[in-house]
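The values are calculated or read from the model by the stated rules, or taken from the named source; none is laboratory data. The structure presented is a predicted model; accordingly, all values stated were derived computationally and were not measured. Virtual Cβ from ideal backbone geometry, glycine too; neighbours counted across all protein chains shown.
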Amino acid sequence: MSSRMDDGMKLPPLRLLLVDDEDAIRVMLGKGLSRMGHEVTVAEDGHAGVRALTESTFDAALIDLRMPGLDGWGVISHLKEVAPSTDFIICSGHGELDDAVQAFRMGANDFMQKPFTALDMEPMLRRIAEKKLLANKNIALENELTTIRGKTELIGDTPPMERVKTLVERIAPTDSSVLILGETGTGKELVARRVHELSRRANMPFVAVNCGALPENLVESELFGHKKGAFTGADTPRKGLIEVASGGTLFLDELGELDKSMQVKLLRFLESGEVRRVGENDAFHVDVRIVCATNRHLSEMVDEGKFREDLFFRVNTFEIRLPPLRERKDDIPSIARHLVARHMHRDWVSEDIISPEAIKVLRAHSWSGNVRELANAIEHAVILSGGNTIQPEDLPASVTRKANSSSRPFLVTNFAEPLTLREIEMEAILQTLDKYDGDKPKTADELGIALKTLYNKLNQLQAQDRSKAG
């Protein structure tokens with residue numbers, strides 16, 4: 001599409017339905033709109049238009065009023081029933097004032113009097129495209145509000161983190177897919193956001209999806225969308241998150257948790273760029289960059305037959321490995337001060353906000369939960385310190401144990417304060433995750449719980465973190 005917004009950003013193409021009984025108009029407008037970058041479906045009469053609306057979803061419909069059999073008003077009535085959010089433009093060779101008034105009363109975006117060209121329609125199609133982009137950004141924002149945002153800043157200057165920063169800066173300007181690997185809590189989504197913000201798509205939506213948290217029976221609908229009536233409970237048509245991210249970046253976290261059937265559908269999208277909503281026959285193109293992340297060893301899953309090799313190669317164009325916190329302990333002081341500033345709602349804090357003794361304790365801890373665990377510990381300390389210099393006694397009991405505590409069993413007794421049952425449970429989960437390098441199935445087997453139960457407990461921990469952050 002040639003039109004652009006005021007800031008020079010290219011608008012996404014539209015899926016258009018053209019309903020007109022005149023062959024010449026269908027050919028002329030169809031070719032003209034296609035040259036402008038839109039995807040056009042043509043219908044030769046009102047009944048064909050209704051069938052198209054039943055089978056597929058469109059951003060806008062161009063509807064002729066005077067047609068034999070079912071006229072334009074009938075098509076509009078059906079459109080309002082099955083896809084009330086779809087924009088529509090009336091096309092008429094008569095131009096009666098009463099028709100124009102009735103069209104606007106029914107919610108038409110515009111009334112075009114024949115003859116006209118595709119170029120004449122560009123201003124109104126630009127407005128529809130801008131409206132679509134704004135709607136997608138709003139949906140993306142609602143999705144983002146369920147996560148902890150904070151500043152998108154990669155903290156640390158140790159060699160492992162410098163390598164990560166260099167890779168991000170080199171990869172971000174491209175449109176290549178990226179695979180981010182790392183243990184739970186290492187900041188994979190933060191890196192994905194940084195890739196997005198340094199890319200040419202920075203002003204477009206960033207949509208984060210936790211594949212492991214999606215209900216198995218709704219994964220396809222969440223990613224690809226569905227039409228009204230596609231399944232029980234689908235009372236209205238819905239955009240998939242891939243479509244919501246159109247023009248921007250889709251971040252697929254916990255990619256290794258997708259089952260084989262969804263891996264096939266994702267691979268098909270990555271190869272073709274086409275999305276087919278659940279219950280629809282027609283596919284449409286979506287321009288989106290894919291960034292994936294996992295804490296599992298996908299190459300081992302490929303060998304075990306649990307992950308498709310072709311999908312692995314498709315998402316692994318560029319690979320970024322995030323080091324665990326225990327491998328970059330020299331970064332702990334700067335990360336901790338950054339977290340203190342965030343919890344105190346400040347842009348910065350002095351270096352002495354954390355005492356040398358407390359820093360020593362932080363550096364000695366094993367941090368099986370990585371930066372996420374450190375963030376929880378700092379929040380605990382900020383509250384207890386009352387905004388004063390953080391001392392060792394302000395840190396959680398799980399952190400103030402001896403440095404070799406990670407090698408002892410979970411239920412130790414030589415610590416300053418008793419732990420709650422939830423703290424003991426979460427430490428057991430996080431240490432077992434660390435033991436198996438983030439492999440959730442192995443962790444669940446070791447703990448004797450179902451994989452879904454493990455996800456529920458990790459989601460509860462994340463929900464608790466978000467509640468505190470809010």
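Scanning the stretch 61-106 for residues that are at pLDDT below 85, part of a helix (DSSP H, G or I) and of a type in the set (A, V, I, L, M), we see that the one that is surrounded by the most Cβ atoms within 10 Å (Cβ to Cβ) is A103.
Could you please tell me which pairs satisfy a Cβ distance under 8 Å, a separation of 6+ or placement on different chains, a first residue in the stretch 421-441 that is free of Cβ contacts under 8 Å to residues at least 12 places away in the same chain and surrounded by 15 or more Cβ atoms within 10 Å (Cβ to Cβ), and a second residue that is assigned to a helix (DSSP H, G or I) and hydroxyl-bearing (S, T, Y)? So the pair list comes out as Y436/T443. No other residue among R289, R363 is in the same structural domain as V164 (by TED's automatic domain parsing), touching a Lys or Arg at 6+ places or on another chain (Cβ under 7 Å) and either under 19 Å from P396 (Cβ atoms) or of a type outside the set (G, A, S) (or both) apart from R289. In the set (1) surrounded by fewer than 21 Cβ atoms within 10 Å (Cβ to Cβ); (2) among the small types (G, A, S); (3) assigned to a loop (DSSP other than H, G, I, E, B), S246 fails one condition alone, (1).
Residue by residue, here is whether (1) assigned by TED's automatic domain parsing to the domain that holds D287; (2) under 30 Å from P205 (Cα atoms); (3) touching a helix residue (DSSP H, G or I) at 6+ places or on another chain (Cβ under 9 Å); (4) not polar (S, T, N, Q) holds:
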position: S34; (1), (2), (3), (4): no, yes, no, no
position: V40; (1), (2), (3), (4): no, yes, yes, yes
position: G49; (1), (2), (3), (4): no, no, yes, yes
position: A60; (1), (2), (3), (4): no, yes, yes, yes
position: D71; (1), (2), (3), (4): no, no, yes, yes
position: S77; (1), (2), (3), (4): no, no, no, no
position: M124; (1), (2), (3), (4): no, yes, no, yes
position: N136; (1), (2), (3), (4): no, yes, yes, no
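With respect to (1) over 21 Å from T184 (Cβ atoms); (2) surrounded by fewer than 20 Cβ atoms within 10 Å (Cβ to Cβ); (3) in contact (Cβ under 8 Å) with a residue 12 or more places away in the chain; (4) not β-branched (V, I, T), the lone exception for F313 is condition (3). Scanning the stretch 194-235 for residues that are in contact with a Ser or Thr (Cβ under 8 Å, 6 or more places away or on another chain) and either outside any loop (DSSP other than H, G, I, E, B) or assigned by TED's automatic domain parsing to the domain that holds N459 (or both) gives R194, V195, H196, E197, F206, V207, A208, G225.
Looking across the stretch 179-193, the residues that are part of a helix (DSSP H, G or I) and either farther than 12 Å from C292 by Cβ or not assigned by TED's automatic domain parsing to the domain that holds N316 (or both) come down to L190, R193.
A search for C-beta distances below 7 Å between a residue of the stretch 378-395 that is hydroxyl-bearing (S, T, Y) and any residue that is surrounded by fewer than 18 Cβ atoms within 10 Å (Cβ to Cβ) and in a helix (DSSP H, G or I), counting only pairs 6+ apart in sequence or on different chains, returns T389/D352. Out of G233, G240, G229, one residue alone is without any contact (Cβ under 8 Å) to a residue 40 or more places away in the chain, small (G, A, S) and over 15 Å from L266 (Cα atoms). It is G233.
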